[in-house]
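Peer 1: The structure follows.
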Amino acid sequence: MAEAASGAGGTSLEGERGKRPPPEGEPAAPASGVLDKLFGKRLLQAGRYLVSHKAWMKTVPTENCDVLMTFPDTTDDHTLLWLLNHIRVGIPELIVQVRHHRHTRAYAFFVTATYESLLRGADELGLRKAVKAEFGGGTRGFSCEEDFIYENVESELRFFTSQERQSIIRFWLQNLRAKQGEALHNVRFLEDQPIIPELAARGIIQQVFPVHEQRILNRLMKSWVQAVCENQPLDDICDYFGVKIAMYFAWLGFYTSAMVYPAVFGSVLYTFTETDQTSRDVSCVVFALFNVIWSTLFLEEWKRRGAELAYKWGTLDSPGEAVEEPRPQFRGVRRISPITRAEEFYYPPWKRLLFQLLVSLPLCLACLVCVFLLMLGCFQLQELVLSVKGLPRLARFLPKVMLALIVSVSAEGYKKLAIWLNDMENYRLESAYEKHLIIKVVLFQFVNSYLSLFYIGFYLKDMERLKEMLATLLITRQFLQNVREVLQPHLYRRLGRGELGLRAVWELARALLGLLSLRRPAPRRLEPQADEGG
């Protein structure tokens with residue numbers, strides 16, 4: 001990756017280009033109007049050869065880039081210059097480097113800031129930092145006036161973590177606001193409206209995301225991913241990914257460890273249970289009582305553990321946002337707010353209610369009915385398979401596996417439908433948007449996941465069939481989840497590196513088809529030998 005040029009605003013790149021001629025045999029990028037005059041006719045590439053807009057994420061970062069902002073390949077020069085000028089004027093603390101990729105014809109802004117600017121940003125953001133022991137210890141919001149009381153403030157490399165640097169820069173970018181009457185092409189901004197979220201919602205900005213540091217990733221790979229039977233490095237995860245991600249993995253590790261107790265107790269109870277029905281019923285009651293006690297203790301212990309981690313990471317008493325910004329995707333008619341007297345977008349609630357009653361509700365009910373009919377179809381197919389004599393034992397599980405696949409595929413499809421319905425309902429606040437999306441998804445997931453089990457258990461009352469169905473659902477979902485989380489990223493990584501070409505994909509497909517084929521080679525026919533005289 002090209003080394004970032006220095007200088008406030010990051011726009012003095014034309015002189016830098018004269019010091020770095022292009023390598024021999026490498027054709028120069030075509031000139032592109034005003035940008036060529038400003039940045040030189042050859043802008044350095046931002047990484048290896050890429051094949052799509054996602055390939056920006058595959059580049060190896062430098063210490064001079066914290067946040068990357070990419071644009072579609074159809075972005076014109078006026079848009080880039082307009083946004084670059086607004087960032088330079090509105091956020092003078094940022095250093096912006098412009099890079100152009102020759103194959104995708106796409107531009108990207110490499111954004112970073114100096115250490116002094118980051119200190120001022122930490123003061124604005126109220127970032128909590130550790131205080132030296134001689135000043136009382138603990139954590140408190142950073143203040144530039146008393147910067148000497150914080151640990152490691154003298155070290156530019158140790159004071160801010162990668163996640164903190166990116167949070168400060170993201171805070172600045174999200175708070176770049178428009179003035180009254182400003183517009184970019186057909187996008188007219190309201191007064192004090194955030195610019196970058198609006199441009200991202202309109203598709204003018206393709207992506208805004210933090211850049212990885214390979215050095216820290218390698219360290220986490222050894223101490224976290226490749227470590228066996230060791231505690232998770234939660235502090236390192238928090239420093240790199242942030243509190244939310246670290247808290248999730250802390251809960252996941254705590255939950256996994258707590259599951260050992262019901263697993264051991266259930267195994268022992270199953271081992272010593274007699275085969276008669278009375279003993280089985282007693283065992284079920286005992287195990288149910290154990291689970292009630294275990295779940296209560298689990299919740300109480302996690303409350304304590306979560307509060308401990310929140311205090312340690314400085315988020316226990318962090319204040320929430322007093323005023324929630326409207327979603328960038330929120331649309332409506334312009335009006336003067338009767339409360340603030342400022343211009344705002346307004347969407348009548350009756351339109352949202354009408355869409356919910358006439359579109360969202362019928363579609364959700366139709367999806368639930370389709371799931372029920374597909375389930376009945378799979379059960380009828382299973383009855384047909386069981387009625388055929390001579391089939392292998394494995395064949396009786398095929399309809400169950402098919403139902404498990406239908407459950408997983410329909411869940412993914414419905415999630416996309418729920419997102420589309422939520423977008424069309426046009427909620428003003430992100431909290432309202434997420435709440436209604438959760439209601440849609442959870443309702444469908446509950447019916448989709450447990451309808452077949454309730455049908456078998458309470459309608460058919462077939463316990464053996466219920467056991468088989470539950471085991472099939474669990475195993476199939478676990479297999480698909482592992483494929484999605486392990487195999488799919490591996491294939492994407494190989495594809496990004498150019499190691500997975502069409503020939504390799506074709507060979508893999510042929511191998512899979514060969515494994516799945518049930519045909520056997522035909523026996524060779526022995527031809528009678530001809531007589532020598534014949």
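Peer 1: What is the Cα centroid distance between the stretch 119-147 and the stretch 340-396, reported in whole angstrom?
Peer 2: Each part's Cα centre sits 52 Å from the other's.
Peer 1: Sort out for me the Cα centre separation of the stretch 156-181 from the stretch 73-100, rounded to whole Å.
Peer 2: Measuring centre to centre over Cα atoms gives 16 Å.
Peer 1: Something else now. Can you check what the net charge comes to around Phe135, using other residues whose Cβ is under 10 Å from the Cβ of Phe135 (Lys, Arg +1; Asp, Glu -1)? If you can, show how the numbers build up before the last one.
Peer 2: Numbers: positive: Lys132, Arg140; negative: Glu134, Glu146, Glu151.
Once positives and negatives cancel, what remains is -1.
Peer 1: Can you tally the net charge around Ser162? Count Lys and Arg as +1, Asp and Glu as -1, for every other residue whose Cβ sits under 9 Å from the Cβ of Ser162.
Peer 2: -3
Peer 1: With a/c under 1.5 counting as rounded, go ahead and sort the stretch 395-491 into rounded, prolate or oblate using the C-alpha gyration tensor (a ≥ b ≥ c being the square roots of the eigenvalues; past the cut-off, prolate if a/b is larger than b/c, else oblate).
Peer 2: Since a/c reaches 1.5 but b/c is at least a/b, the shape of the stretch 395-491 is classed as oblate.
Peer 1: Right, something else. Please work out whether the stretch 295-411 counts as rounded, prolate or oblate from its C-alpha gyration tensor, where a ≥ b ≥ c are the square roots of the eigenvalues and a/c under 1.5 means rounded, while otherwise a/b larger than b/c means prolate and anything else oblate?
Peer 2: Taking the square roots of the gyration eigenvalues as a ≥ b ≥ c, the stretch 295-411 is oblate.
Peer 1: Further, regarding this structure: So what are the ³J(HN,Hα) numbers for the stretch 297-304, from phi and the Karplus equation (6.51, -1.76, 1.60; θ = phi - 60°), rounded to whole Hz, Gly and Pro as x?
Peer 2: Per-residue couplings from phi come out as 5, 4, 5, 5, 5, 5, 4, 5 Hz.
Peer 1: So what's the net charge close to Ser295: Lys and Arg +1, Asp and Glu -1, counting the other residues with Cβ under 15 Å from its Cβ?
Peer 2: Numbers: positive: Lys303; negative: Glu300, Glu301.
Neighbour charge sum, excluding Ser295 itself: -1.
Peer 1: Taking R0 as 60 Å, what FRET efficiency do you get between Asp192 and Leu480 from their Cβ-Cβ distance, rounded to the nearest 0.05?
Peer 2: Once rounded, the FRET efficiency stands at 0.85.
Peer 1: Rounded, prolate or oblate for the stretch 67-211? Axes are the square roots of the Cα gyration tensor eigenvalues, ordered a ≥ b ≥ c, and the cut-off for rounded is a/c under 1.5.
Peer 2: Prolate is the answer for the stretch 67-211, as a/c is 1.5 or above and a/b outweighs b/c.
Peer 1: Can you list the HN-Hα couplings for the stretch 411-426, worked out from phi with the Karplus curve (6.51, -1.76, 1.60; θ = phi - 60°), rounded to whole Hz and with x for Gly and Pro?
Peer 2: Couplings: 5, 5, x, 5, 4, 5, 5, 5, 5, 5, 4, 5, 5, 5, 6, 6 Hz.
Peer 1: Please work out the FRET efficiency for the pair Thr74 and Asp462, using the Cβ-Cβ distance as r and a Förster radius of 60 Å; give the result to the nearest 0.05.
Peer 2: Efficiency computed from Cβ-Cβ geometry: 0.55.
Peer 1: Tell me the accessible surface of His212 in square angstrom (1.4 angstrom probe, heavy atoms of protein chains only), to the nearest ten.
Peer 2: About 90 Å², rounded to the nearest 10.
Peer 1: With a 1.4 Å probe and all protein chains in place, put Asp76, Asp192 in order of accessible area, largest first.
Peer 2: So the residues, ranked largest to smallest area, are Asp192, Asp76.
Peer 1: OK, next. Any idea how far apart Ser223 and Arg280 come out in nm if each label point goes 7 Å out from Cα toward Cβ?
Peer 2: A separation of 5.1 nm, rounded to one decimal place.
Peer 1: Hey, can you grab everything whose amide H is under 5 Å from the amide H of Arg128? Only 5+ residues off in sequence or another chain; H modelled, so Pro and N-termini drop out.
Peer 2: Phe142
Peer 1: Using a 1.4 angstrom probe with every protein chain in place, what is the largest-first accessible-area order of Glu343, Glu198, Glu300? Write out the running numbers ahead of the final one.
Peer 2: Details: Glu343 70, Glu198 5, Glu300 100 Å².
The ordering from most to least exposed comes out as Glu300, Glu343, Glu198.
Peer 1: Residue by residue through the stretch 126-136, which ³J(HN,Hα) values in whole Hz follow from phi under the Karplus form 6.51 cos²θ - 1.76 cosθ + 1.60 (θ = phi - 60°), with glycine and proline marked x?
Peer 2: 3J(HN,Hα) across the stretch 126-136, in whole Hz: x, 5, 7, 10, 6, 9, 4, 4, 5, 10, x.
Peer 1: While we're here: Can you list the residues, at least 5 places off or on another chain, whose amide H is less than 5 Å from the amide H of Ile204, using H built in the peptide plane?
Peer 2: So Ile204 has HN proximity to no qualifying residue.
Peer 1: Between Ala130 and Val89, what FRET efficiency comes out of the Förster formula 1/(1 + (r/R0)^6) with R0 = 30 Å and r the beta carbon distance, rounded to 0.05? Let's see the in-between values first.
Peer 2: Details: r = 35 Å, r/R0 = 1.16.
The value I calculate is 0.30.
Peer 1: Additional query: Just by accessible area at a 1.4 angstrom probe, what is the order of Thr472, Thr74 from largest to smallest?
Peer 2: Order by accessible area, largest first: Thr74, Thr472.
Peer 1: What distance in nm separates the simple spin-label points at Tyr311 and Leu470, each placed 7 Å from Cα in the Cβ direction?
Peer 2: Output for this residue pair reads 4.0 nm.
The values are calculated or read from the model by the stated rules, or taken from the named source; none is laboratory data. All values derive from a computational prediction rather than experimental measurement. Note that each Cβ is placed from the backbone with ideal geometry, even for glycine, and that neighbours are counted across all protein chains shown. Heavy atoms of the whole protein, side chains included, go into the accessibility calculation; ligands, DNA and RNA do not. Shrake-Rupley method; radii C 1.70, N 1.55, O 1.52, S 1.80 Å.
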